[in-house]
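Here's the structure, in structure tokens; my notes come after.
The values are calculated or read from the model by the stated rules, or taken from the named source; none is laboratory data. Computed from a predicted model, the values in this text were never measured in an experiment. Glycine also receives a Cβ, built like all others from the backbone with ideal geometry; neighbour counts cover every protein chain displayed.
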There are 2 protein chains.
Amino acid sequence: MIAVAAPIANVIEAFSRLPGIGPKSAARLAFYLLRAPEEEATALADAIRELKERTIFCSRCFNLAEGDPCAICASEERDRSILCVVEEPSDVLAIERTREFRGLYHVLHGAISPVDGIGPEQLKVGELLARLQVEPVQELLLATNPNLEGEATAMYLARLLGPLGMRITRLAHGLPVGGDLEYADEVTLGRSLAGRREMV
Amino acid sequence: MIAVAAPIANVIEAFSRLPGIGPKSAARLAFYLLRAPEEEATALADAIRELKERTIFCSRCFNLAEGDPCAICASEERDRSILCVVEEPSDVLAIERTREFRGLYHVLHGAISPVDGIGPEQLKVGELLARLQVEPVQELLLATNPNLEGEATAMYLARLLGPLGMRITRLAHGLPVGGDLEYADEVTLGRSLAGRREMV
């Protein structure tokens, strides 16, 4: 048994459970909080405690939200003619960070994955169909992940929703900005060649 | 302004303040906690809240502790003939993790650093001297950091406490285990040569 005071051991253990934080990082965080002002530790504890209590799902887009409808669905400033379909709430945050998209979202809460027994009925697909019938859009941007499950989900949705007559788009594949051509995998480089664009 | 629900934004911001956690890692941790069982988030929040409330300094060794004297100072199983002097409570944890040391500790709470205006009087040096007079030891292991301040502190303590007549030792310098000789810095490699040991 390693002799460390229980309150410190508890924090180290709790931090160690988080993804990407090993025992050494957890210890560093615990000792940092011990030296930090009381308010900082309290703010972190309160924020974590209130995270689930104060977070609900928006009944329109199924993103995590404080109110229903969420701030994005309720906003007058968003473009209601384009709807971006993502797998998870964290994807909404990632897209919002780009500041390149001003439309609305629909969160599926997963992707189709037959091996994991996840079909369209486990996702918010029925809700998406119902929503599009009540609030039609001009463009449906399928922003599921660029992996097997995400592509399968995008294909399924494109086929299911194509008959509704709107434009259906997918995020572009290509080289990451700041990346090195030499180190790009062949599939990405291939997609980047196929999707090449005119410079002028 | 990026549209993310306030409870989530609060957690992301609070995590981002911690050392080594950037905004993306903070977001990942927030979404992880949202998906994790309620108990896991509550356990983390409680542990952080209780960290400072339930932690005090041991009046003998000045390590962080739950009670006074701390578990190490109070333990019958520790070797009272050797005292290890460290800069910070986190150093005690690092040494305890090795399971190679069974003596007692003394935490200085810093190192001598004239440029930062830190002299022996800002550290628990007077307390160390008083402690050694009441509870003499056979060996004093100076385990301050192997940097400028740590070396200066060790030199100062060796000169100050030498007259008390005990053995005064310092942690060995050398190559890190699993390290690569080719990549070792010259000073470390030099110390490792000077400190070479008989193999049989």
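Given the condition within 30 Å of residue B:62 (Cβ to Cβ), free of Cβ contacts under 8 Å to residues at least 12 places away in the same chain and touching a Phe, Trp or Tyr at 6+ places or on another chain (Cβ under 7 Å), answer yes or no: does some residue in the range A:19-27 qualify?
yes
Search the range A:37-58 for residues being more than 8 Å from chain B (Cβ to nearest Cβ) and out of contact with any Pro (no Cβ under 7 Å at 6 or more places or on another chain), and hand back the single one that is surrounded by the fewest Cβ atoms within 10 Å (Cβ to Cβ). Quick ask: steps written out before the conclusion?
Step one: list which residues in the range A:37-58 are more than 8 Å from chain B (Cβ to nearest Cβ), which gives A:37, A:39, A:56-58.
This time we only want the ones that are out of contact with any Pro (no Cβ under 7 Å at 6 or more places or on another chain), so: A:37, A:39, A:56-57.
Details: A:37: 10, A:39: 8, A:56: 15, A:57: 16.
Going through the qualifying residues, I end up with A:39.
Going by what's in this entry, would residue A:78 be described as at the interface with chain B (Cβ under 10 Å from one of its Cβ atoms) and either of a type in the set (Lys, Arg) or within 21 Å of residue B:35 (Cβ to Cβ) (or both)?
Numbers: at the interface with chain B (Cβ under 10 Å from one of its Cβ atoms): yes; either of a type in the set (Lys, Arg) or within 21 Å of residue B:35 (Cβ to Cβ) (or both): yes.
Yes.
Only one of B:85, B:115, B:137 is among the aliphatic types (A, V, I, L, M) and within 21 Å of residue B:56 (Cβ to Cβ). Can you tell me which?
From the options B:85, B:115, B:137, the qualifying one is B:85.
Report those strands (runs of 3 or more DSSP E) wholly inside the range A:96-200 carrying at least 3 residues which are touching a helix residue (DSSP H, G or I) at 6+ places or on another chain (Cβ under 7 Å), in the same structural domain as residue A:82 (by TED's automatic domain parsing) and more than 24 Å from residue A:70 (Cβ to Cβ). Write out each step before concluding.
Values: elements: A:104-107, A:139-142, A:167-170.
Counting at least 3 such residues, we get no strands (runs of 3 or more DSSP E) at all.
Any idea which of (1) surrounded by fewer than 18 Cβ atoms within 10 Å (Cβ to Cβ); (2) at pLDDT 95 or above; (3) of a type in the set (A, V, I, L, M, F, W, C) is the one residue A:157 doesn't satisfy?
(1)
Within the range A:21-38, is even one residue among the polar types (S, T, N, Q) and more than 16 Å from residue B:53 (Cβ to Cβ)?
The answer is yes, given that some residue of the range A:21-38 is among the polar types (S, T, N, Q) and more than 16 Å from residue B:53 (Cβ to Cβ).
Can you tell me which condition residue A:107 does not meet? The list is (1) in contact with a Pro (Cβ under 7 Å, 6 or more places away or on another chain); (2) within 7 Å of chain B (Cβ to nearest Cβ); (3) at pLDDT 95 or above, and all the others hold.
Every listed condition holds for residue A:107 apart from (2).
Pick from B:62, B:31: which is in contact with an Asp or Glu (Cβ under 8 Å, 6 or more places away or on another chain), under 30 Å from residue B:153 (Cα atoms) and either buried (at least 18 other Cβ atoms within 10 Å of the Cβ) or facing another protein chain (nearest Cβ under 9 Å) (or both)?
B:62
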